[in-house]
Amino acid sequence: MKKIAILGSTGSIGTQTLQIVRTNQDLEVTALAAGSNIDLLETQIREFHPSLVAVWGEEKAAELKIRTKDLDLKIVSGMDGLLEVAVQPEAELLVTAIVGMIGIRPTIAAMKAGKDIALANKETLVTAGHIIMPLARECQVQILPVDSEHSAIFQCLQGENKEQIKKILLTASGGPFRGRKKEELREVQVEDALKHPNWSMGRKITIDSATMVNKGLEMMEARWLFGVEPKDIQIVVQPKSIIHSMVEFVDGAVIAQLGTPDMKLPIQYALYYPDRRDLPGERLDFWKLNEITFEKPDMENFPGLSLAFDAAAGGGSLPTVYNAANERAVALFLERKIGFLEIPQIIRSCMEAHKVIKAPKVDEILSVEQEVYEMIESRW
């Protein structure tokens, strides 16, 4: 029996992780953490019977305690609650499906407690990769990527020498606005940006896909996961999301991982690594597929992607600025306070105004995040 804890159990990755637990008898959920959706969280508690649950807000935690008083359950709240879930002695693996830099401290705590990490919180590596990867080696724990692209690269590297990587080919669908020019993007509404052609994801990551910022974040995550430089990561637009990513080696060989666009595959691979399990669902049919096409990324009309390469090249605290500015800009867009094209404009403004800290500590990373939030609040 493999015992797991989940940060972000009511989100897209969290709920799909629980679907996998539901269909496998040798996985046990020992702890759950969620933001504010205590209706769904209560349902999860009653089905999966964790012994520990964290809710971000104290009031929601208090309400959940009343609603679950018939259960033998400990309910905690806030950052202290997340940290308690992260280090729970029973759990062997922590699934970090929480959104935002809030995931950094729990991830570090879990590694120090000897837990392997199924990583779906890309912000942890984007902003603190220089801390996380050396710590994983020091604590002798595994970072198992859950993002479909990073899982694909991870799978392509099984049995291979990482020193022989020539280039990582990080694929992108191009999002719902692939092929559109800036003039056409000015009138984009929230509803338009939330209609991804291939994937079913949370609201924030769906907007990130529409701006191509998500691919920029994934590039920065990949550099730390696989020990390559940003210049050795090439973005390849593959509209059908069939090839999830590729690796080119020094001899010219290219290995790719293909499959239907289903997040349960990379989640399950992380949960059971190095083993594979049967996964119910649609299989790739090459006769129906007929062809796979490729395009270059459009960095002119989607400048959020080129800004990511600038942030990676600048290094230090600049990726934190990129991530934090995007996070707040996306929230403003979802609230209909700014237009779609203002998202990369806000990111650029924040990056230009920032004085880079070369190797920021966790406290400095979180301080930079707050400074970016305050700057945006004062201007927008």
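The values are calculated or read from the model by the stated rules, or taken from the named source; none is laboratory data. Everything numeric in this text was worked out from a predicted model, so none of it was measured. Cβ coordinates were reconstructed from backbone atoms using ideal geometry, including for glycine residues, and neighbour counts include every protein chain displayed. For accessibility, only protein heavy atoms count, side chains too; no ligands or nucleic acids. Shrake-Rupley method; radii C 1.70, N 1.55, O 1.52, S 1.80 Å.
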Query raised in the report: Averaged per residue, what accessible area in Å² does the range 110-176 show with a 1.4 Å probe, protein chains only?
Result: 34 Å²
Report summary line: For the range 11-80, the per residue accessible area (1.4 Å probe, Å²) is 50 Å²
Report task. May I ask which of Lys122/Lys204; Lys215/Lys296; Lys231/Lys361; Lys167/Lys296; Lys166/Lys231; Lys240/Lys296 have a Cα-Cα span longer than 21 Å here? Result -> Lys231/Lys361
Report task. Would you mind checking which residues have amide H under 5 Å from Val95's amide H? H placed 1.01 Å from N; only 5 or more apart, or other chain. Result -> Ala5, Ile6, Leu7, Ala118
Report task. May I ask you to give the percent of accessible area on the range 105-255 that is carbon plus sulfur, with a probe radius of 1.4 Å? Result -> 44 percent
Query raised in the report: Can you give the net charge of the other residues whose Cβ lies under 13 Å from the Cβ of Gly78, counting K and R as +1 and D and E as -1?
Result: -2
Requested in this report: Sort the chain into rounded, prolate or oblate with this rule: let a ≥ b ≥ c be the square roots of the eigenvalues of the Cα gyration tensor; rounded if a/c is under 1.5, and if a/c is not under 1.5, prolate when a/b is larger than b/c, oblate otherwise.
Outcome: rounded
Query raised in the report: With θ set to phi - 60° and the Karplus curve 6.51 cos²θ - 1.76 cosθ + 1.60, what are the ³J(HN,Hα) couplings of the range 180-192 in order, to the nearest whole Hz, using x for Gly and Pro?
Result: 7, 9, 4, 4, 6, 7, 4, 9, 4, 9, 4, 4, 5
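Could you give the accessible area per residue of the range 317-380, probe 1.4 Å, as a whole number in Å²? Could the numbers behind the result be given before it?
Working: 3150 Å² over 64 residues.
Averaged over the residues of the range 317-380, the accessible area is 49 Å².
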Query raised in the report: How large is ³J(HN,Hα), in whole Hz, for each residue of the range 127-139 in order, when computed from phi with the Karplus curve 6.51 cos²θ - 1.76 cosθ + 1.60 and θ = phi - 60°, using x for Gly and Pro?
Result: 9, 10, x, 5, 9, 5, 5, x, 5, 4, 5, 5, 8
Requested in this report: Pairs of Cα atoms under 8 Å, at least six residues apart: use those to get the relative contact order of the chain, whole percent.
Outcome: 15 percent
Query - Efficiency of FRET from Cβ geometry, Gln189 and Thr43, R₀ 30 Å, rounded to 0.05 - result: 0.40
Requested in this report: Evaluate the range 237-380: find the radius of gyration of its Cα atoms, find its Kirkwood radius, and give the ratio Rg to Rh.
Outcome: 1.07
**Report entry** Cα-based Rg / Dmax (Å) for the range 309-380
**Finding:** 11.8, 36
Query raised in the report: Which translational diffusion coefficient, to the nearest whole µm²/s, is obtained for the range 1-147 from the Stokes-Einstein equation, given a Kirkwood hydrodynamic radius over C-alpha pairs, 20 °C and 1.002 mPa s?
Result: 143 µm²/s
Report task. Excluding Leu27 itself, calculate the net charge of residues whose Cβ lies under 11 Å from the Cβ of Leu27, where each Lys or Arg counts +1 and each Asp or Glu counts -1. Result -> +1
